[in-house]
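J.: Encoded as structure tokens, here's the structure I'll be asking about.
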Amino acid sequence: MRYKNPVLRGMYPDPSMCAANGKYYMVCSTFQYFPGVPVFESEDLINWKQIGHCLTRKSQLLLDKNNTGAGIYAPTIRFNNGRFYMVVTNVSNIGNFYVWTDDIHGEWSEPVIVEQDGIDPSLFFDDDGKVYFISNGNDKDGRGYIQMSQIDIQTGRKITENEPLWYGTGGRYIEAPHMYKFGGYYYLLNAEGGTEYGHMVNYARSKNIRGPYEPFPQNPVLTNRNLGGYQLQGAGHGDILEAADGTWWFCHLAFRQIDRYMPFHHLGRETCMEPVTWKDGWFYIGTENDRADDTTCGADVASGYNTTQGFGKALLEVDAPAAHRFAAQSLSYKKTFATLSTRLDWCFLCNPIRENYNLCADFFDLISLPKSAGGLSIDTPEGSPTFIGIRQCEFDEQIRCNVALTADCEAGQPEAGITIYMDCNHHYDVYVTKREGGFFAECRVTIGSAREVKKSVAISGSAAGFKIVSSAYGYDFFLVLADGREDFLAHAESRYLSSEVACGFTGVFIGLYAQDGGCGKFSGFESVHEE
């Protein structure tokens with residue numbers, strides 16, 4: 001059986017997974033978005049369904065003054081003695097902490113803070129009952145390493161001081177540590193090279209938890225660096241487990257670049273799955289073959305420009321181990337207010353002001369204050385504007401929504417609309433606004449310090465229908481007229497919303513917003529992708 005990567009599509013980076021009660025669970029980073037750390041459940045490791053979030057309360061996740069790309073970094077999920085633990089870093093304030101729950105479908109505890117520096121924390125429960133807290137860090141000379149302390153899991157109190165375990169293989173930005181014990185060895189996993197095109201996974205093993213650690217002779221065990229033409233890039237930062245059928249698996253982040261000759265990515269870092277095999281006490285990630293397939297970009301598929309190169313590569317299409325069975329993937333979808341009614345897909349920027357949102361089954365009402373009264377806009381680098389969005393999960397999508405601006409809205413230039421949002425300095429918007437002379441439907445692009453209204457159309461009344469058509473290369477924006485005809489507003493390139501241009505670690509969201517005193521009713525929303 002063959003499956004497609006990514007298995008979690010859109011901005012779901014830094015995955016960690018565990019097995020419990022006959023099922024599998026996964027968590028991912030969320031940065032400045034609220035609620036924090038989505039939880040996914042699977043029966044086959046290929047098809048995942050979101051069942052909740054770990055951080056759903058402001059007391060767990062304070063994001064009031066968060067900048068883009070700050071907030072929640074790199075969670076780890078573990079299951080021990082009937083209890084789930086999720087450990088993570090809030091880089092904006094409290095640092096490293098964990099929460100726990102005995103009901104994976106319920107609420108999680110208040111944060112338990114661990115006084116250890118570094119990011120990308122992980123928990124390891126040893127056979128003797130001791131619990132260890134692992135993170136990255138720096139020695140007195142500034143060299144990065146993986147460090148560990150023993151903690152009291154009831155209180156988070158450190159029992160031992162931090163001690164260095166491994167300096168890695170020499171790659172920059174050593175991070176993403178996980179500790180395991182398989183067959184009498186302790187295995188220490190990390191990521192190096194930075195979460196971009198040089199990203200890689202390395203590991204080492206030791207008979208003693210404190211080392212010394214012997215590196216895997218063929219490190220990196222996973223990387224797509226130097227594979228020009230591959231759409232899937234940046235492979236690294238992952239977690240390993242054994243499935244119930246005896247097969248082994250590795251989840252990791254990667255991203256899809258828009259074209260062979262255009263190394264840009266805007267959907268964010270996504271989650272992929274790779275098979276794992278063992279030989280002589282060492283594990284190998286990926287599949288061993290040399291077939292030419294559609295792991296490449298664009299026209300390379302037909303030409304077979306690239307072939308797989310044995311173990312250690314992340315592919316868009318993967319042959320699963322024969323022993324592992326799973327349900328067929330379906331990557332087509334039509335997301336609407338009704339199908340998203342559980343609200344698990346929707347995210348806010350920082351901690352939302354709840355009274356600004358009325359979220360009903362078939363429409364959303366969004367309310368904003370004017371700037372003169374302290375209202376925030378989606379251009380604001382801190383705080384929580386009136387914004388609610390879902391991740392863009394595919395290059396090729398069609399988005400539709402009707403937007404009605406309240407006719408008696410505040411004075412000034414109130415607006416309500418749809419934004420293709422990377423961050424406060426990089427987003428494309430279509431919206432209804434009110435100015436002297438009436439109501440207008442407009443399309444605006446914001447790229448760094450450059451900001452331009454591409455087209456403005458006077459409309460009768462305060463409502464407009466908008467359509468957005470996306471591809472790997474860009475977005476086309478349309479005003480949908482009352483008779484169904486479409487008025488083209490503008491085209492904008494996707495690369496200006498990419499991480500390579502905007503910087504940061506996030507991905508594009510499809511957001512509904514109101515600002516500058518606008519009060520908008522959003523209806524008829526749908527986001528459609530067909531394989």
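The values are calculated or read from the model by the stated rules, or taken from the named source; none is laboratory data. These numbers come from a predicted model, not from an experiment. Every residue, glycine as well, gets a Cβ built from its backbone with ideal geometry; the counts of neighbours run over all protein chains shown. Surface areas here come from the heavy atoms of the whole protein model, side chains and all, with no ligands, DNA or RNA. Shrake-Rupley method; radii C 1.70, N 1.55, O 1.52, S 1.80 Å.
J.: Condition (residue is within 21 Å of residue 25 (Cβ to Cβ) and in contact with a His (Cβ under 6 Å, 6 or more places away or on another chain)) applied to the stretch 253-260: is it met by at least one residue?
T.: Within the stretch 253-260, the subset within 21 Å of residue 25 (Cβ to Cβ) is 253-254.
From the residues that got through so far, the ones that are in contact with a His (Cβ under 6 Å, 6 or more places away or on another chain) too are 253.
There is at least one residue in the stretch 253-260 that is within 21 Å of residue 25 (Cβ to Cβ) and in contact with a His (Cβ under 6 Å, 6 or more places away or on another chain).
J.: So, restricting to strands (runs of 3 or more DSSP E) that lie completely within the stretch 155-230, which ones have at least 1 residues that are within 21 Å of the chain's Cα centre (by Cα) and polar (S, T, N, Q)?
T.: Details: elements: 163-166, 175-182, 185-192, 200-206.
Answer list for the stretch 155-230: 185-192.
J.: Being of a type in the set (A, V, I, L, M, F, W, C) and modelled with pLDDT under 95 is the filter; apply it to the stretch 475-502 and report the residue that is surrounded by the fewest Cβ atoms within 10 Å (Cβ to Cβ). Working first, answer last.
T.: Just the residues of the stretch 475-502 that are of a type in the set (A, V, I, L, M, F, W, C), to begin with: 477-482, 488-490, 492, 497, 501-502.
Imposing the further condition that a residue be modelled with pLDDT under 95 reduces the set to 481-482.
Values: 481: 14, 482: 11.
Ranking the qualifying residues of the stretch 475-502, first place goes to 482.
J.: For residue 141, work out the one condition from (1) free of Cβ contacts under 8 Å to residues at least 60 places away in the same chain; (2) open to solvent by less than 10 Å² (accessible area, probe 1.4 Å) it doesn't fulfil.
T.: For residue 141, the failing item is (2).
J.: Of everything in the stretch 413-453 that's of a type in the set (A, V, I, L, M) and surrounded by 23 or more Cβ atoms within 10 Å (Cβ to Cβ), which residue is farthest from the chain's Cα centre (by Cα)? Steps first, answer last, please.
T.: As a first pass, look at the stretch 413-453 and keep what is of a type in the set (A, V, I, L, M): 416, 418, 420, 422, 430, 432, 441, 445, 447, 450, 453.
Now narrow it down to the ones that are surrounded by 23 or more Cβ atoms within 10 Å (Cβ to Cβ): 416, 418, 420, 422, 430, 432, 441.
Details: 416: 26, 418: 21, 420: 16, 422: 12, 430: 24, 432: 30, 441: 32 Å.
Result: 441.
J.: So if I check each of 445, 457, which one is modelled with pLDDT of 95 or more, in a strand (DSSP E or B) and within 26 Å of residue 345 (Cα to Cα)? Working first, answer last.
T.: Numbers: 457 fails: within 26 Å of residue 345 (Cα to Cα).
Within the list 445, 457, the selection yields 445.
J.: Just one of the numbered conditions (1) within 19 Å of residue 33 (Cα to Cα); (2) surrounded by 24 or more Cβ atoms within 10 Å (Cβ to Cβ) is not true of residue 383; which one?
T.: Tallying (1) within 19 Å of residue 33 (Cα to Cα); (2) surrounded by 24 or more Cβ atoms within 10 Å (Cβ to Cβ), residue 383 fails exactly one: (2).
J.: Please verify whether residue 30 is open to solvent by 40 Å² or more (accessible area, probe 1.4 Å) and touching a residue at least 40 places away in the same chain (Cβ under 8 Å), treating the condition exactly as stated.
T.: Values: open to solvent by 40 Å² or more (accessible area, probe 1.4 Å): no; touching a residue at least 40 places away in the same chain (Cβ under 8 Å): yes.
When the stated conditions are applied, residue 30 does not pass them.
J.: Just checking: which of the strands (runs of 3 or more DSSP E) contained wholly in the stretch 470-531 hold 3 or more residues that are among the small types (Gly, Ala, Ser)? Steps first, please.
T.: On the way: elements: 474-480, 486-493, 509-515, 519-529.
Counting at least 3 such residues, we get 519-529.
J.: Still on this model: Just the residues that are touching a Pro at 6+ places or on another chain (Cβ under 9 Å) and open to solvent by less than 30 Å² (accessible area, probe 1.4 Å), please, taken from the stretch 67-81.
T.: 74, 75, 76
J.: Then there's this: If you scan the stretch 234-252, which residues turn out to be of a type in the set (D, E, K, R) and either assigned to a loop (DSSP other than H, G, I, E, B) or buried (at least 17 other Cβ atoms within 10 Å of the Cβ) (or both)? Outline the logic, then answer.
T.: Initial filter on the stretch 234-252 (of a type in the set (D, E, K, R)): 239, 242, 245.
Of everything in the stretch 234-252, those that are of a type in the set (D, E, K, R) and either assigned to a loop (DSSP other than H, G, I, E, B) or buried (at least 17 other Cβ atoms within 10 Å of the Cβ) (or both) turn out to be 239, 245.
J.: Keeping to the stretch 503-531, report how many residues are of a type in the set (Gly, Ala, Ser), crowded, with 22+ Cβ neighbours inside 10 Å and closer than 17 Å to residue 378 by Cα. Step through it out loud before you land on a result.
T.: Of the stretch 503-531, the ones of a type in the set (Gly, Ala, Ser) are 504, 507, 511, 514, 517-518, 520, 523-524, 527.
Now narrow it down to the ones that are crowded, with 22+ Cβ neighbours inside 10 Å: 507, 511, 514, 517-518, 520, 527.
The next check asks that each one be closer than 17 Å to residue 378 by Cα; those that pass are 507, 511, 514, 517-518, 520.
Selection size over the stretch 503-531: 6.
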